[in-house]
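S.K.: There's a structure below that I have some questions on.
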Amino acid sequence: MAAYGLYTHIASNKFRSMLLLAGLFLLIYVLVFAGALVAEVVLNSGASLNYYLTRASRDLIAAFPYATIIAALWIVIAYFFHQNMIDAVTGGESVTRQQQPRLYNLLENLCISRGITMPKLKVMESPALNAFATGLNRRQYSITVTSGLLQALNDQEIEAVLGHELTHIRNGDVQLMVIAMIIAGVVGFFGELFFRTFTNLSWNSTGSDWSSSSSSSDRGKGGGGAVMAIIIAVVLILLAWLLSQVVKLALSRSRELLADAGSVELTKNPDAMITALRKIENRGELPGATSAVMELCVDNPREGFADLFATHPSVDRRVKALVQFAGGRDPGPLALPSDTADEPESEESATEQLQPPVPRGPWSDASEPAGVPGTRPGPADGPWGPHR
């Protein structure tokens, strides 16, 4: 479903969310079938490929209700506890008006001005400059900002970032991003579990398993079938993982442009959004955060080949859109005081610090360094310096 405007974008997000949830169950069944193939090879190493495929299909049918229950249980757990999982990764902590009056008041004013239910407010201790929104319903919505962002941005720029995240909530982008995280998480978990189990079986195998058949005739008849079954299982696992990554393509890059525009609509200040993006540019990488968490953030920097699969357009493109359509002004890349705080002092400034202080006596002008000959009071000068 293509999104041609705000309302079609919201409807498209809801439609994609339902498709992604259905896709999660499909990927679970693929993983179960791959696991059944490996199990059948371990139990009987001398059969043909058709035997393994038939037995694995029967195993999938038998495990179908259990796999469905596990997938549904995973969704329920993620629905109620995804915020706790994200907080555990990022270290975000809820704050009150008393703890962060400046930040709290800025968010509250934005919500009141548009009649928006105020989300929870969280702060994570990090020098990075970034922010993100999470939640699947009104009671769960929250906005997390880094302490570095609070220090580097002024009130108008912070308000613009908060407006950006509020727009993600209003447009339904947050639900879609969280569901994508859930799918990537469950497929990654079961994929890693499969490969760990398969590796252990390979290294700890005995003479009775699939890797060493009992006779040369078994190698000729069944060994090839076992190897092909294992190859198919590995391919299915890799395919499931690849599809879980392709899910990110459902996160349209246009959502960030719409969120920037929504921020301008809330704050009526395109310049604040532009300068906020310029300050955040290349300073948003959260240490220890997973790629799934970074995809939730205001900026998720990617360079070179990785930019082909990036879920965010570049800052330059976003700023260009704000200049073109919102009438903002682009100051270009901005340097922050923290960027030069650790730079060594120049030789000139060091020389100035080594010079002795200038004495202010009756026979020397305060504007000239001490010890320089030929400094006499001028005709209009008195014994205590120039007359004013």
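The values are calculated or read from the model by the stated rules, or taken from the named source; none is laboratory data. Predicted model only: the values in this text are computed from it and were never measured. So basically every Cβ, Gly included, is an ideal-geometry build from the backbone, and we count neighbours across all protein chains shown. The protein model used for the area step is the full one, side chains on, heavy atoms only, and it has no ligands, DNA or RNA in it. Shrake-Rupley method; radii C 1.70, N 1.55, O 1.52, S 1.80 Å.
For (1) hydrophobic (A, V, I, L, M, F, W, C); (2) in contact with a helix residue (DSSP H, G or I) (Cβ under 8 Å, 6 or more places away or on another chain); (3) surrounded by 14 or more Cβ atoms within 10 Å (Cβ to Cβ), each residue gets a yes or a no:
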{"position": "A63", "(1), (2), (3)": "yes, yes, yes"}
{"position": "L107", "(1), (2), (3)": "yes, yes, yes"}
{"position": "K120", "(1), (2), (3)": "no, no, yes"}
{"position": "V123", "(1), (2), (3)": "yes, yes, yes"}
{"position": "S142", "(1), (2), (3)": "no, yes, yes"}
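S.K.: Looking at the stretch 72-83, can you tell me whether even one residue there is in contact (Cβ under 8 Å) with a residue 12 or more places away in the chain, under 20 Å from V161 (Cβ atoms) and assigned to a helix (DSSP H, G or I)?
M.R.: Looking through the stretch 72-83, at least one residue is in contact (Cβ under 8 Å) with a residue 12 or more places away in the chain, under 20 Å from V161 (Cβ atoms) and assigned to a helix (DSSP H, G or I).
S.K.: Given the condition open to solvent by less than 40 Å² (accessible area, probe 1.4 Å), within 24 Å of A289 (Cα to Cα) and modelled with pLDDT of 85 or more, answer yes or no: does some residue in the stretch 174-196 qualify?
M.R.: yes
S.K.: Another question, if that's okay. For the stretch 150-164, how many residues meet the condition of being open to solvent by less than 10 Å² (accessible area, probe 1.4 Å), part of a helix (DSSP H, G or I) and among the hydrophobic types (A, V, I, L, M, F, W, C)?
M.R.: Residues in the stretch 150-164 being open to solvent by less than 10 Å² (accessible area, probe 1.4 Å), part of a helix (DSSP H, G or I) and among the hydrophobic types (A, V, I, L, M, F, W, C): 4 in total.
S.K.: Taking the criterion of being under 30 Å from A128 (Cβ atoms) and open to solvent by less than 80 Å² (accessible area, probe 1.4 Å), would at least one residue in the stretch 18-27 satisfy it?
M.R.: Checked the stretch 18-27: at least one residue is under 30 Å from A128 (Cβ atoms) and open to solvent by less than 80 Å² (accessible area, probe 1.4 Å).
S.K.: Oh, and also: Sort out which residues of the stretch 307-350 are open to solvent by less than 60 Å² (accessible area, probe 1.4 Å), assigned to a helix (DSSP H, G or I), of a type outside the set (V, I, T) and modelled with pLDDT of 75 or more, and write them in order of number.
M.R.: Once the filter is applied, which keeps residues that are open to solvent by less than 60 Å² (accessible area, probe 1.4 Å), assigned to a helix (DSSP H, G or I), of a type outside the set (V, I, T) and modelled with pLDDT of 75 or more, the stretch 307-350 yields R318, A321, L322, A326.
S.K.: Also: With the structure loaded, tell me whether T167 is open to solvent by less than 10 Å² (accessible area, probe 1.4 Å), over 16 Å from the mean Cα position of the chain (by Cα), among the β-branched types (V, I, T) and modelled with pLDDT under 95 or whether it fails that test.
M.R.: In short, yes.
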